[in-house]
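*Asks:* A single structure is presented below for examination.
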Amino acid sequence: MQNESAITIKNLITRYGDKLILKDLSFEIPRSKITAIVGGSGCGKSTLLKHIIGLLKPASGSILVGGRDIVAMNERELNEFRRRIGVLFQGSALLNSMTIEDNVALPIREHARLNEATIKIMVKMKLDLVGLSGFDDFFPAQLSGGMKKRAGIARAMALDPEMLFFDEPQAGLDPITAAGLDELIMKLRDIFKMTLVVVTHELHSLFTIADHIIMLDKGELIFTGTVEQFKFSEHPKIKRFISRQVEEDKYCPEDYFNIITAD
Amino acid sequence: MPYLVDSLIALIGKKTLSLLAVLRDVSILINSVFYWTFIAPFTTGKLRIKSTVSEMVKVGYNSIPIVAVISFFVGIILALQSAYQLKKVGALIYIANLVGVSLTRELGPILTAIIVAGRSGSAFAAEIGSMKAAEEVDALKSMGINPVSFLVSPKMLAMLIMVPCLTVISDFVGILGGFVLSVTVVNIHPQSYIQQTINALMVKDVITGLVKAVAFGGIITIVGAYQGFQVSGGAEEVGMRTTASVVSSIFMVILFDLFFTVLFYYFT
């Protein structure tokens, strides 16, 4: 089968205190494709991403990557796993005290013993790939939002990962910069055959870049499938999401009464 | 009435539980800081020399002027205040003893610790806190870099080395301040002041002071790092945690000073 999965998630449950955040999710993320995780704010998609990159342990369930369950891994194994993935955080999370060059070189210096000249060449290659040649000696504060994201991608790519994760890459960018970023993400898929996972709620870029879509609503999985299937889905929530309709009937009168009279 | 008793017991319980949670978090942090500072360099061969040196410059070298000036003033103040009393019994030469012993045993370490807590402890909390708020700590983790190893252990090493060094400077400059005042205002002969200081000071006075200084360095680092890692929200919490780190590290420094002073009083 061509469409084999890179990540398999089974019965994932998360809770903060008594509140259930993710309710029994099971799905697969296909290899060498762009998978978009979509859903409204607070639906648990960022939490889900944190589980997949091993930053947060779920209450129960398993996340299989290459046949191994990252939920059951100890810190040492997790670090081994994290070397093979790259993450772009929402605010790009570059270290502000270091230049762009040092930021991109950080994972290389940390995990590989190479001489400085080799590291410099590797960094230049990564910066060129994301279109930031010549910005080596700039500090993150001197770059624009879009350039920071590109630098963040260069850092995530530093160790040539098999998988890249993006947390709302288009957040806070103007449409043109966002489109440039979309192009870069597609380039990574086409050239490097990487598995990419993008958490987003930008409709336009969703339909531009995604091959596969996973939609969450209030911690529940309501859709998993291809973009075509998503576009023509009959699910009322997906229809509302695509046509940007405000969610009506938030709660019935009885619920409202319960909310205002509860202690 | 039962309601009052209930809520009182509930309050005690809540406070105890939250205190226990803090203690647990702090002990986990202490454990990992000591592992990454003292054990990991030998097992993984990874000693962050470059960042340790840069922290040493920030923590130590850059604090020298302020530590020196404050110690000099405190030396003068101590000499003057002792002169005020010793004048009455005609024992002005004992200013040298008072200034020397109180500075090396007590005031040198504690003054240095308070200055370092204000300068560096707060900077640690602010740095780590703002990195936490900007997801930089998560980014480090996602790159497979332990944040304690990357951020805290260079600071810990720098503090353990530099706080005692600053304390030595503080001792010396403080005694110099006392000396300057005594030979100019109180008219004690310089030679006899120096002789009296040498006679009064014992090696153990200086050593106990330095032992305290090492401990204070560790305490300030742990408190700053703890407060920094506790940040979960945005910028205003960073400010709050920074303030909290100064207040609680000064408190902890004085608490441990009490402990060490009692210990050294009976066991040296």
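The values are calculated or read from the model by the stated rules, or taken from the named source; none is laboratory data. Note that the coordinates shown come from a computational prediction; the quantities given were computed from them, not determined experimentally. As a convention, Cβ positions derive from the backbone with ideal geometry for all residues, glycine included, and neighbour counts pool all protein chains shown.
*Asks:* May I ask you to verify whether residue A:185 is at negative phi, free of Cβ contacts under 8 Å to residues at least 40 places away in the same chain and under 21 Å from the mean Cα position of the chain (by Cα)?
*Replies:* When the stated conditions are applied, residue A:185 does not pass them.
*Asks:* Right, next: When the residues of the stretch B:144-169 are filtered to those that are polar (S, T, N, Q) and over 17 Å from residue B:112 (Cβ atoms), which remaining residue is surrounded by the fewest Cβ atoms within 10 Å (Cβ to Cβ)?
*Replies:* B:146
*Asks:* Report every pair of residues separated by at least 6 positions or lying on different chains whose Cβ atoms are under 8 Å apart, first residue within the stretch B:4-26 and under 19 Å from residue B:227 (Cα atoms), second at pLDDT 90 or above.
*Replies:* B:25/B:226; B:25/B:230; B:26/B:222; B:26/B:226
*Asks:* Tell me the residue from A:110, A:75 that is more than 23 Å from residue A:188 (Cβ to Cβ) and within 11 Å of chain B (Cβ to nearest Cβ), please.
*Replies:* A:75
*Asks:* What number of residues within the stretch B:193-229 are farther than 16 Å from residue B:163 by Cβ and either surrounded by fewer than 19 Cβ atoms within 10 Å (Cβ to Cβ) or touching a Lys or Arg at 6+ places or on another chain (Cβ under 6 Å) (or both)?
*Replies:* Looking only at that region, the number is 10.
*Asks:* So, in the stretch B:20-56, of the ones that are over 23 Å from the mean Cα position of the chain (by Cα) and hydrophobic (A, V, I, L, M, F, W, C), which residue ends up surrounded by the most Cβ atoms within 10 Å (Cβ to Cβ)?
*Replies:* B:40
*Asks:* Now, a different point. Does the stretch A:25-40 include one or more residues that are in a loop (DSSP other than H, G, I, E, B), in the same structural domain as residue A:193 (by TED's automatic domain parsing) and without any contact (Cβ under 8 Å) to a residue 40 or more places away in the chain?
*Replies:* no
*Asks:* Just to be sure I understand, how many residues within the stretch B:230-243 are surrounded by fewer than 19 Cβ atoms within 10 Å (Cβ to Cβ) and closer than 13 Å to residue B:118 by Cβ?
*Replies:* 1
*Asks:* Tell me which residues, restricted to the stretch B:209-268, are of a type outside the set (Ser, Thr, Tyr) and outside any helix (DSSP H, G or I).
*Replies:* Those that are of a type outside the set (Ser, Thr, Tyr) and outside any helix (DSSP H, G or I): B:231, B:233, B:234.
*Asks:* Of the residues B:187, B:199, which single one is assigned to a loop (DSSP other than H, G, I, E, B), in contact with a helix residue (DSSP H, G or I) (Cβ under 9 Å, 6 or more places away or on another chain) and over 30 Å from residue B:132 (Cα atoms)?
*Replies:* B:187
*Asks:* For the stretch A:78-107, give me the residue count where each residue is outside any helix (DSSP H, G or I) and either at the interface with another protein chain (Cβ under 9 Å from one of its Cβ atoms) or under 23 Å from residue A:199 (Cβ atoms) (or both).
*Replies:* So the count comes out to 15.
*Asks:* Could you identify the single residue in A:162, A:220, A:183 that is closer than 20 Å to residue A:244 by Cα and surrounded by fewer than 21 Cβ atoms within 10 Å (Cβ to Cβ)?
*Replies:* Only one candidate qualifies: A:220.
*Asks:* Residues of the stretch A:123-134 being surrounded by 19 or more Cβ atoms within 10 Å (Cβ to Cβ) and either in contact with a Leu (Cβ under 9 Å, 6 or more places away or on another chain) or within 13 Å of chain B (Cβ to nearest Cβ) (or both), which ones?
*Replies:* A:126, A:130, A:132
*Asks:* Every residue in the stretch A:45-57 that is crowded, with 22+ Cβ neighbours inside 10 Å and in a loop (DSSP other than H, G, I, E, B), please.
*Replies:* Of everything in the stretch A:45-57, those that are crowded, with 22+ Cβ neighbours inside 10 Å and in a loop (DSSP other than H, G, I, E, B) turn out to be A:53, A:54.
*Asks:* Suppose the filter is under 18 Å from residue B:143 (Cα atoms) and at pLDDT 85 or above; does residue A:187 pass it?
*Replies:* Spelling it out, it is not the case that residue A:187 is under 18 Å from residue B:143 (Cα atoms) and at pLDDT 85 or above.
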